[in-house]
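What follows draws every value from the coordinates through simple rules; no lab data is involved. As the structure is a prediction and not an experimental result, all values here were calculated from the model. Heads up, the Cβs are rebuilt from the backbone with ideal geometry, glycines too, and the neighbour counts pull from every protein chain shown.
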Amino acid sequence: MYIGFKILLLVILIALYHLQQGDSHVILSIKDFLNDSHSTNVDHSKAFQDAWKALCGGSGRGRELSLIIHARETYTIQPQLFEGPCVSPHIHIQIDGTIEAPRMVKDWGSKKTECWLCFGRVTGLVLNGSGVLNSHGESWWSSVGVSSRPAAVRFSGCQNILYKGLTQINSPKNHISITSCTNTTLSNIHLIAPLTSPNTDGIDISSSHNIQILSSSIKTGDDCIAIQGGSYDINITSVTCGPGHGISIGSLGKGGTSDIVQNVNVRHCTFTGTKNGARIKTWPGGQGFVKNILYEDITLINARFPIIIDQRYNYSGQKQSAGATAVKVSGVTYKYFKGTVVADVAAIKLDCDQKSGCDNIVMDNINITSSSPRTPLTSYCKFAHVISRFVSIPIKCDYHVNVQPPSAKPYAEPPAPIAISATPYAELPTALNLTSHDTA
């Protein structure tokens, strides 16, 4: 009770100071919430929880609150839930220092957690800076199964989020999870984990819409970005991916579930040494659909399987029943691909379901070459309706093939790029020039 009163008093005093100065913007430092600013305590979890309470509910409606972790400051915290809804409609956390998770699994606490830094039901959060989030996943990879490992950062049920500039290192599982969110922008972020780290996806998106991922680099041991069911209006632009497994839609339909993904644009991206590039993967027996997907202006550097639709993902080889279903794939455009591909694979692989097939698959200006000049590239195509123009690799399907020569009347243009509604936090000012109220 006494500690809570101290926090409330601190926030009130800071707010009164800024009101006297005619300023509606309250700026705090994490040091304001440390009992001893020179403490060498290895767990600063309580200070971060107290700071969140002040940010989320401490100063009244209409006021913007900021918390700063300065450069050269390092804090270690256990898994934390930062939960809304908050009183203030605008919350800003700037991390220029380093935040670390406990180095060993045993030090994460006794309770099983799905994430390290968990944001739930928060609206209007700007989380930015030049700092580092190190979740020390290396202690998890060999000792804990993937289903029991936490994500590093998770946004759940959030709206109007901007996450910008930060570097994340070595997540136990996926680095960022976005679930049931709207109007979320991730920009200029850097996600890093070794090629051999298992299931360390960069960004996983599920049941979310109006999501933008811009000007970022992702180097991990699994999908750079994975778009799961219930997601639509996704814009991915200027992302460099590799190592990793590419930018994937799916996997979808596992266990016969019904999944829907639509209106996804992936543009101006580079895949370097990735296992896959532009990938769609669905499980046999699933339901739902994938449609209106655009991969455009893609650069490949020694990638494998740069274009792949796999409707038999993790296929066991067992014969499917006569009534077996599949997630329907249609309206997928691959446009302006260039670069090099590992020579021992099918550079274009469309492995579609015999019953549902893949419809309206457009290949336009695909100019990819083998990384071994003496080994020509090949394609593999089953049960797909393909429309191709200026493709450097012959594509032959066993049914529904429609190849148009360059002299033919141009085919109907693919759907216009989807207009993604921007979030209220499209960009931050170039320089924030924040000065904290530091009691140290």
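The table that follows gives values for the structure above.
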item	result
Under 13 Å from Lys31, Cα to Cα: aspartates and glutamates that are on another chain or at least 8 residues apart	Asp50, Glu73, Asp438
Proximal lysines to Lys106, defined as alpha-carbon separation beneath 20 angstrom and excluding residues fewer than eight positions away on the same chain	Lys46, Lys173
In order through segment 359-367: 3J(HN,Hα) via Karplus (6.51 cos²θ - 1.76 cosθ + 1.60), integer Hz, x for Gly, Pro	10, 6, 9, 9, 10, 9, 6, 9, 10
Residues of segment 156-192 with amide N under 11 Å of the 7 Å Cα→Cβ point at Glu138	170
Spacing of the two label points (7 Å from each Cα toward its C-beta) at Ala324 and Gln354, in nm	0.9 nm
Set of aspartates and glutamates near Lys328 by C-alpha distance (under 12 Å), chain-local residues within fewer than 8 positions excluded	Asp259, Asp310, Asp353, Asp359
